Structure formats: structure tokens, C-alpha cells
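Asks: I am attaching a structure below and will ask some questions about it afterwards.
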Amino acid sequence: MKRREFLRKLGVGSLAALGMPYFAAAQARPVKLATLLPLTGPFAFAGNAGREGFVDGVEYVNEVLGGIGGRRLELIVEDTGYDVARGTAAFNRVVARERPDELLFVYGDSTGLSKALAPEIARTNLPYSATSFSNELADPRTYPTIFVFGPTYNDMMEALLRQVRLQRPRARIAFVYSNTEFGRDPIPYGRERARALGMEVVHEEVTPPAFTDATPVVLNLRRANPDFVILQGYALSVEPLILRAAREQGLQAQFMGTYYSAELALIQRAGPAAEGFTVTYHNAYWYEALIPAVEEMRRFRQRKGRDASYRPTYYMGSLAVAFGIAEAMRRAAQAGRLTRAGVVEHLEKIGDYNAMGLVRDFNFVNHRLPQTRLFRASVREGRFNAITDWLRLG
């Protein structure tokens, strides 16, 4: 399909098809999206890739889609260092500085930060999401303006345990997780669900979010002798270390992880030890050439003089979120409701919009997107390959 025809199907005008914005920058005040990301600290790799995704998404919305109802979408970026106190201070700074009729969305960096901010988010009726997929946050009765742009960690655990049951119904399970809100979030559900499915939880290992020697962890796993080990609460900070140590010590268990482990850097860092590592992942990979967004954003980055080679999963997730937020804003503007309440309203009914294939759809159920796919690492190919179609998770 030619690009002009493709953009017409998205509802983009002829000027946008030529790559030209069709609004005047000074026509109206900007609409603002603030992002609080870990640009430093243990998850800086993910945070900086995410920032890049938001930058590209916002620039694409402005330069190709014409902004938000004739208004420019402006991105605000603050570094949190993956620290709740720093993130809270950044949030308070942004909210105090910006006008409520301009700041229409805030995106945070973690489960811990999101829970800390939740009362103030509720008080200000501020639309909010985060890198977190916390089950607690996906509750519109308690948090009516918070959205989880993917399945919750409980959903991801469900998907992995279903796969375990297919492979070995009476499997022995071990959980290895970080001592963070991120790490602990789905473990109670995982324990209960594994037992309900007839599996035995034989070991749990709680670690810092980053460390340099995985030998003690793997020695404990060898004593427990699990069939499957599920890692949770890391973002490439230790998974390669654990996989390499497990291979060196002859541990035969199959390893699994959730969204933040589903990145090619894991294969590159772990080498042969990554073979067969199974993950949940709900966005497109940059190498999925049949996804319209991949080709479109590759061309966009080339026009901007930016590197168009492989972009990490954290980039792809942030790009999808940026497009989803912008689409809800655009629909709210068309309805004459470009307000915080209007953005929430239109996110709740955004439905089949899929950000050019970056997600299956934005059909929120209890303010989350309850679907994912499972992928398995192939060291020879240097990529994760899908082993399931889309799984619906309640």
C-alpha cells in the first residue's frame, strides 16, 4: 500500500501525507504530556529507550498527524532515577508548574511511584499511566483516571503458567524476583494460581533489583530442582547473569520472564544460555516488518536523520502508549472535550484502534489491555519468535 493511501486510511489529510503539519504552532496553547522516566539508575537502559519512543511518537503526531485538534502536543521529560522520592518531587514540580487545561496526561516510571502518586492523581482527576503493569492500578473504581497500557503482571503470570501447564501439568515452579513493588506485584497470584493448576511451588528467591554475582541464586535453585523458573522484577539488570550461571552449573530448568525481560539485549548478553527463554510481550518487535508502524517509523526516523536500526522493546512500548494517548486526545478534541475528563472518557472507548499494529487493540477492560503473546528466544536467529497467537486473559 502506498504511504499516501495508508495515511488516508488513518484519517490523515493530504498535507500530512506529504509530511507537513497542517496547524499553526501559535494557533493555540499546547497540549502537554509529561513523562517521569528512569534516565539514570538501575533501569536507565529501559528509561532512555522509552524516552526515545515518546519523542518519536510526539513528533510524529505533530508533524504527520497534525497535532491534537490544531494544537501542538508537547512532551515534558523528567528523570526519576527509579527512585520514588525523586519521582514524587518531579511529579509535584510538573503539576505545580503546568496549567491543568494544558497538562492532560502524566506517565510515571514504576509501580512504587504510581502507588505513591495515586491519591494526588485521584484528587486532580489527572489521566495517568506508567511503565508499571500493577494489578492494583487496574481498578477504575479505586483509580478512575489510571490506565495500564497492557496486561497486568498477574495477567502475564497467568499466561506463563498456562504455558507451563501445557508443557508439564505437574511442574515444579520457582519464582525469582526483586525486592521492589515491581518484583513482588504478581507473586501472591502466581503462588495461588500455580497450586490451583496442580503445580508445586518449590522455591522463592528474593534479590536486589541489580547485583553482580548470580552464583548464590543458582545454587539455591539447584537445591530446589524446579522444572520452570519465572523471573520477575528486572529489566535486563540480572537476567543474563542468572541464565549464564544456571548453564554453567548445569541447572536444567526452563526459564521464563515477563514484559521487561522480552528484549534482544537479553539474548546478546546471555549468549547460548538464553536459548528457549520464554517471555510475555504485547507490543510489536522492530523486526516484524509486516507491522505497518514498523515501516512507517523506520521511514520517519530516516527522514529525521536518526538511526533506523533495531529499536528496543522499551521504545516500542512507549511509542504505542504515545500513539494511544494522542489518539484519545484527538478524539476528545473532535468531540469538543479536550479536557482531562474528556481524555479519560475517550481512552475508555478507544476500542479497536491499534496504533498501526503496535498493539492488538486499545480495548480496555478494567482500564487494562488483557492480552499478550508468548515468545521464545532463539540464539541462532538472535531474536524472540512467537509461540502463541494472542491470548485473552480475562
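Nothing in this text is a laboratory measurement; each read-out follows from the coordinates by a stated rule. It should be emphasised that the depicted structure is a prediction, and the values quoted were computed from it without experimental measurement. Quick reminder, even Gly has a Cβ in these numbers, built from the backbone with ideal geometry, and neighbours come from all protein chains shown.
Asks: Sort 267-278, 225-236, 120-131 by the packing proxy (mean of other Cβ within 10 Å over each peptide's residues), most packed first.
Replies: Details: 267-278: 18.5, 225-236: 23.8, 120-131: 20.2.
Descending mean neighbour count gives 225-236, 120-131, 267-278.
Asks: Can you work out the Karplus-derived ³J(HN,Hα) for every residue in the range 63-71? Use 6.51 cos²θ - 1.76 cosθ + 1.60 with θ = phi - 60°, whole Hz, and x for glycine or proline.
Replies: 8, 10, 8, x, x, 10, x, x, 10
Asks: Additional query: Okay, which of the range 116-151 sit inside 16 Å, backbone N to the point 7 Å along the Cα-Cβ direction of ASN366?
Replies: 133-151
Asks: Check cross-link reach from LYS349 to the aspartates and glutamates: straight Cα distance under 14 Å, and skip same-chain residues fewer than eight apart.
Replies: GLU327, ASP361
Asks: At a temperature of 25 °C and a viscosity of 0.890 mPa s, determine how fast the chain diffuses translationally according to Stokes-Einstein, using the Kirkwood radius over alpha-carbon pairs as Rh; express D in µm²/s, rounded to the nearest whole number.
Replies: On the way: Rh = 21.5 Å.
The diffusion coefficient I find is 114 µm²/s.
Asks: Still on this structure: Enumerate by residue number the GluC sites (Glu not before Pro) in the range 309-394 meeting two conditions: DSSP loop (anything except H, G, I, E, B), and at most 11 other Cβ atoms within 10 Å of the site's Cβ. Intermediate values should be presented prior to the final figure.
Replies: Values: sites: GLU327, GLU345, GLU348, GLU381; in loops: GLU381.
Answer in residue order: GLU381.
Asks: Now, a different point. For the range 253-394, compute the orientation-averaged projected area of the C-alpha convex hull (one quarter of its surface), in nm². Write out the running numbers ahead of the final one.
Replies: On the way: hull surface 40.3 nm².
Computing the convex hull of the Cα atoms and averaging its projections yields 10.1 nm².
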